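Here is the structure we will look at, set down as structure tokens.
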Amino acid sequence: MSEPAIPPLTLTIITGLSGAGKSTALNVFEDAGFLCIDNLPVFLLLPLLDGMARKADGPHRLALVMDARDAELAPALAGVLKEVKPKVTLAQIVFLEANDTVLLRRYSQLRRAHPLAQVGLVQDGIASEKTRLAGLRHLADRVIDTSNLTPTELRHKLLQHDASPVADMRVNILSFGHKHGLPSEADLLFDVRFLPNPYYVAELKEKTGRDAAVAAHALANESGRKFFAHLSGLLDFLLPEFEQAGKAYLTIAVGCTGGKHRSVAVAEEVHRHLAGGKWVVKLFHRDLDK
């Protein structure tokens, strides 16, 4: 039996000035499905890639923050990259920067010491870092000035680039019962207690919303059909808007009284409506067994 094919590695190195948004950028790549490591010393890069290259079961998309906290990075990276590029299908360097006024304001808000100014003024650390990383900036495939960017705008700049594969937004659909409490993770919450309640039909009471007869009782009526037509249209509009706004995952919660009949039936129908499209969709019934 032949060995399973090992997928090619893709590598993104995020670097640049402290306070320019490297942690935010790393979170963007993590949400997009990358294995992410912060503050990786340059001497560990090749061993890391060699280890990952031997793993058939992944992960095989890697994003690293490497910056001036490693004094060896700038002088060593150019040489290391010559050995790295034959090992990966994509190696890109993203350099983030911002103007001094913005960096000073961000450090004032964070109240953290600049890594190159543990003693002394923040502006001295900024100047030292710019000098240390000047050569590294010239190696970068992309230089992004974050001075006037919101986190959402930075995300768009990072992920609109063809060289950055992006995982689609993940959508969780959750049914629940109001009597057991509201789900704190819900982004969108729909109360379906206005629908006809199968609980009061003797032959349906012990069944759940997964049963076709229960679902029909709740939804195969004028209110149910109108409601689901509006709901599906609303979701078709909202999901692209949430993704455009930078959401990595979205939780749609549907609640009835006990979480066994109407909410389950609607959640199942929402899942059927969204599954098979561009979204990564998962379905959960929180209170089905209570």
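Structure data summary
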item	result
Residue list for the range 254-290, filter: touching a residue at least 40 places away in the same chain (Cβ under 8 Å) and of a type in the set (K, R)	K260, R262, K278, K282, R286, K290
Residue satisfying all of: in the range 9-28; more than 18 Å from I126 (Cβ to Cβ) and among the aliphatic types (A, V, I, L, M); farthest from the chain's Cα centre (by Cα) among these	L9
Hits in the range 226-250 - residues which are of a type in the set (S, T, Y) and open to solvent by 80 Å² or more (accessible area, probe 1.4 Å)	Y249
Residue within the range 262-269 that is at pLDDT 90 or above, of a type in the set (K, R) and either open to solvent by less than 50 Å² (accessible area, probe 1.4 Å) or out of contact with any Gly (no Cβ under 9 Å at 6 or more places or on another chain) (or both) present	yes
Residues of the range 215-246 classified as among the basic types (K, R) and touching a helix residue (DSSP H, G or I) at 6+ places or on another chain (Cβ under 9 Å), total	1
Condition check for L116: touching a strand residue (DSSP E or B) at 6+ places or on another chain (Cβ under 9 Å) and in contact (Cβ under 8 Å) with a residue 40 or more places away in the chain	no
In the range 28-68, residue farthest from P8 (Cα to Cα) [restricted to those that are touching a Cys at 6+ places or on another chain (Cβ under 6 Å) and open to solvent by less than 40 Å² (accessible area, probe 1.4 Å)]	F29
All positions within the range 69-121 that are more than 27 Å from L45 (Cα to Cα), in a helix (DSSP H, G or I), open to solvent by 40 Å² or more (accessible area, probe 1.4 Å) and at pLDDT 80 or above	D100, T101, L104, R105, R106
Qualifying residues in the range 148-168 (those that are at pLDDT 80 or above and surrounded by 15 or more Cβ atoms within 10 Å (Cβ to Cβ)) - the one farthest from A25 (Cα to Cα)	L149
Considering residues of the range 223-256 that are in contact with a strand residue (DSSP E or B) (Cβ under 6 Å, 6 or more places away or on another chain) and part of a strand (DSSP E or B) only, the residue nearest to A267 (Cα to Cα)	V254
Residues within the range 20-47 that are modelled with pLDDT of 90 or more and either at positive phi or aliphatic (A, V, I, L, M) (or both), tallied	12
Meets criteria (out of contact with any Leu (no Cβ under 8 Å at 6 or more places or on another chain), exposed (fewer than 13 other Cβ atoms within 10 Å of the Cβ), at pLDDT 95 or above and more than 16 Å from I173 (Cβ to Cβ)) for K207	no
Hey, L189 touching a residue at least 12 places away in the same chain (Cβ under 8 Å), exposed (fewer than 15 other Cβ atoms within 10 Å of the Cβ) and outside any loop (DSSP other than H, G, I, E, B) or not	yes
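Table: residues versus (1) over 30 Å from the mean Cα position of the chain (by Cα); (2) aliphatic (A, V, I, L, M).
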{"position": "E203", "(1), (2)": "yes, no"}
{"position": "A216", "(1), (2)": "yes, yes"}
{"position": "A220", "(1), (2)": "yes, yes"}
{"position": "F228", "(1), (2)": "no, no"}
{"position": "A265", "(1), (2)": "no, yes"}
{"position": "V270", "(1), (2)": "no, yes"}
{"position": "F284", "(1), (2)": "no, no"}
{"position": "L288", "(1), (2)": "no, yes"}
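The values are calculated or read from the model by the stated rules, or taken from the named source; none is laboratory data. Computed from a prediction, not measured in an experiment: that's the story for all the values here. Please note: Cβ atoms are built from the backbone with ideal geometry, for glycine as well, and neighbour counts cover all protein chains shown. Side chains included, ligands, DNA and RNA excluded: accessible areas come from the protein's heavy atoms. Shrake-Rupley method; radii C 1.70, N 1.55, O 1.52, S 1.80 Å.
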